[in-house]
Amino acid sequence: PDENEDVQYQFAMDLLKQGDYETAEIAFQEFLNVGEDQSLLSNSNFWLAETLYVRENYKDAAKNYLNLYQVYPNSTRAPDSLLKLGISLIKMDQREQGCLTFLQLQDTYPDANASLINRSNLELQKNPNQEYLKYNKRLKIGAGLLGTTLVMETIGIAMLSDFNFDGLTVMAIGLVPY
């Protein structure tokens, strides 16, 4: 609708609550194109990702969760987005990257809601992998891994490197859009 931001955002949320995920996806995408309120934009990004996740489009959901984390790292939704990014990666059989994302959640947001931290720990236990065991929870995405490059080819992004890959320039401190 051609109304103020709050009405547009609520319109998209109502579609989501009704279970009309395809139309909600379109409404959230439209809101992201016209909205200005940073809080509503970060929430819209999260809910857009959720419309994709619930329909098992994990690749596009992961891209949107990552975008939220990159663009709005101080958002109240940023820790949630890292958790859901990790889960999406695991659902795409990218276990190592998923586990690294859970570790990033714990390192970046140690004071996040206890249920998020507990869920990330549960996911780490359910999905053990060599990198997780090797670095023993001391791994930080984007820092301290000289010579290690992990490419999340499945969703077209790169981590822990210093090159341009599908619209992202990856730097030593993490992922940033270019």
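The values are calculated or read from the model by the stated rules, or taken from the named source; none is laboratory data. In this text, all values refer to a predicted model and were calculated from it rather than measured experimentally. Virtual Cβ from ideal backbone geometry, glycine too; neighbours counted across all protein chains shown. Heads up: the accessible areas ignore ligands, DNA and RNA and are worked out on the full protein's heavy atoms, side chains in. Shrake-Rupley method; radii C 1.70, N 1.55, O 1.52, S 1.80 Å.
For region 82-116, what are the residues that are farther than 21 Å from Leu48 by Cα, assigned to a helix (DSSP H, G or I) and of a type in the set (D, E, K, R)?
Within region 82-116, Arg95, Glu96, Asp107 meet the criteria.
Out of all the residues in region 68-79, which are touching a helix residue (DSSP H, G or I) at 6+ places or on another chain (Cβ under 6 Å) and open to solvent by 40 Å² or more (accessible area, probe 1.4 Å)? Walk me through how you get there before you give the answer.
Filtering region 68-79 for residues touching a helix residue (DSSP H, G or I) at 6+ places or on another chain (Cβ under 6 Å) gives 68-69, 72, 75, 77-79.
Passing the criteria: Tyr69, Arg77.
For the structure I just gave you, tell me whether Ala24 is surrounded by 22 or more Cβ atoms within 10 Å (Cβ to Cβ) and more than 30 Å from Leu124 (Cβ to Cβ).
On the way: surrounded by 22 or more Cβ atoms within 10 Å (Cβ to Cβ): yes; more than 30 Å from Leu124 (Cβ to Cβ): yes.
So Ala24 fits the description; yes.
Looking at region 3-20, which of the residues that are under 14 Å from Leu40 (Cα atoms) and of a type in the set (A, V, I, L, M, F, W, C) is most open to solvent (accessible area, probe 1.4 Å)?
Here is the first cut: in region 3-20, the residues under 14 Å from Leu40 (Cα atoms) are 4-13.
Next, only the ones that are of a type in the set (A, V, I, L, M, F, W, C) stay: 7, 11-13.
Values: Val7: 59, Phe11: 92, Ala12: 0, Met13: 23 Å².
By that ranking, first place goes to Phe11.
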